[in-house]
Amino acid sequence: MPVLTDAESETGIPKSLSNEPPSETMEEIEHTCPQPRLTLTAPAPFADESSCQCQAPHEKLTIAQARLGTPVDRPVRVYADGIFDLFHSGHARALMQAKTLFPNSYLLVGVCSDDLTHKFKGFTVMNEAERYEALRHCRYVDEVIRDAPWTLTPEFLEKHKIDFVAHDDIPYSSAGSDDVYKHIKEAGMFVPTQRTEGISTSDIITRIVRDYDVYARRNLQRGYTAKELNVSFINEKKYRFQNQVDKMKEKVKNVEERSKEFVNRVEEKSHDLIQKWEEKSREFIGNFLELFGPDGAWKQMFQERSSRMLQALSPKQSPVSSPTRSRSPSRSPSPTFSWLPIKTSPPSSPKAASASISSMSEGDEDEK
């Protein structure tokens, strides 16, 4: 901690940032502090490119004053810092909370460099340039401070005219301190935010390490070399073999799915065919019964034809009494013959019977 001067309090925070009420000098000189971004058509600027050149004295605000609202030309300057490796939704939600702490706030975000991060925390997935650029494109950020200090000093707070520091309230032990934000809390400049459960950079890295083989195989399949993935020769062959096995499994799975679809289609068609066959068979049986049943048309037609055949084979006899014809007077009456019955005695023997029959035939011939 640097040696305190008369302009600094016992906590190391400048007296201009202490809890004293703001003086009237705030109204005498007009503020020219950068305003919060209203349009999001460009990324947030870096602090070294557009630093606050306001000449008005930056008097300390209390949390109550900041929540009531400040003049438009005097936004509340809120600072949030971090590593922001593998920028995710948890980071964005923390910055959203810092941005919306007060009605009129200007959010500055400090990002630590690779040297500080590797020294006090560990290796990062993204380098510092990538992390800076990720923060610039967050909608809640008004300004990005590159190479931010690990521990906030009074000089840094004074340089950037920071009113409050936003961070989660969990003590952050690092660099030989139980809580690097302890002196900020004592000065009344700390505003807590809430962490998002279930998401963090460490969780994402844990997922990657847990499923390392899957990601290594996927990237080998996409064209990355074993050298780029830092994979040994044996593991490379193993991963490629596993990729081939997975391809064969996928093909077999596709064939099974297609065969199931084909079987389902065949079952549906067979079911339709069976239904149609049943309908046709019922129709055929009904038609057959109508034609050949007990009261069918075929029986009636057969009876009619059989009656016709019987009539043709055995015609009806002519009537016994025929109507008498009237005799015309011009014609002479035909001679009438009286047939007298001739009494004949029965033959005494067959020879006599045959002789009588022959005599009768001779008599007929004589008449002719």
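Bear in mind that the values in this text are calculations on the coordinates, not laboratory data. The model shown is predicted, which means the values in this text are computed figures rather than measured ones. As a convention, Cβ positions derive from the backbone with ideal geometry for all residues, glycine included, and neighbour counts pool all protein chains shown.
What residues have an amide H closer than 5 Å to that of ASP168, excluding those fewer than 5 places away on the same chain, when H is modeled at 1.01 Å from N in the peptide plane?
THR193
Two-decimal Rg/Rh of segment 129-215 from alpha-carbon positions, Kirkwood Rh?
Values: Rg = 16.2 Å, Rh = 15.7 Å.
Over the Cα atoms of segment 129-215, Rg/Rh equals 1.03.
How many nm is it between the label spots at ARG67 and SER232, if each spot is 7 Å from the Cα in line with the beta carbon?
Distance between the two pseudo-spin positions: 6.0 nm.
Please compare each pair in LYS247/LYS269; LYS99/LYS182; LYS60/LYS182 to a cut-off of 24 Å on the Cα-Cα distance and tell me which ones are over it. Please list the in-between numbers first.
Details: LYS247/LYS269 33 Å; LYS99/LYS182 22 Å; LYS60/LYS182 19 Å.
Cα-Cα > 24 Å for LYS247/LYS269; rest within.
Under a plain spin-label model, where a point goes 7 Å from the Cα along Cα-to-Cβ, how far apart in nm are PHE241 and GLU158?
Here the modelled spin labels are 6.8 nm apart.
Quick one: which of 220-229, 147-156 comes out on top by average Cβ neighbours within 10 Å, and what's the full order, highest first? Write out the running numbers ahead of the final one.
Working: 220-229: 12.1, 147-156: 16.9.
The densest-packed peptide leads the list: 147-156, 220-229.
Report, in cubic angstrom per residue, the convex hull volume of the C-alpha atoms of segment 202-301.
On the way: hull volume 15.8 nm³, N = 100.
Enclosed volume per residue, from the Cα hull, is 158 Å³.
For segment 63-197, take N as its residue count and report Rg(C-alpha) divided by 2.2 N^0.38 Å.
On the way: Rg = 14.4 Å, N = 135, 2.2 N^0.38 = 14.2 Å.
Output field value: 1.01.
Under 5 Å between amide H atoms, partner at least 5 residues away or on a different chain: which partners does SER105 have, H built in plane at 1.01 Å?
Amide H neighbours of SER105, under 5 Å, 5+ apart: VAL76.
If you stretched the chain out fully between SER177 and ARG258, how much longer would it get, using 0.36 nm times the residue separation minus the C-alpha to C-alpha distance? Spell out each step's value before the answer.
Working: separation 81, 0.36 × 81 = 29.16 nm, distance 6.41 nm.
That pair, SER177 and ARG258, stretches by 22.7 nm at full extension.
Sorting check: for 306-312, 67-73, 43-49, which peptide has the highest mean count of neighbouring beta carbons within 10 Å, and how do the rest follow?
Working: 306-312: 9.6, 67-73: 12.9, 43-49: 15.0.
So the peptides 306-312, 67-73, 43-49, ranked by packing, come out 43-49, 67-73, 306-312.
Subtract the Cα-Cα distance of GLU250 and HIS137 from 0.36 nm times their separation in residues, and report this length gain in nm to one decimal.
On the way: separation 113, 0.36 × 113 = 40.68 nm, distance 3.99 nm.
My answer for the length gained is 36.7 nm.
How many nm is it between the label spots at GLU49 and ILE274, if each spot is 7 Å from the Cα in line with the beta carbon?
7.4 nm
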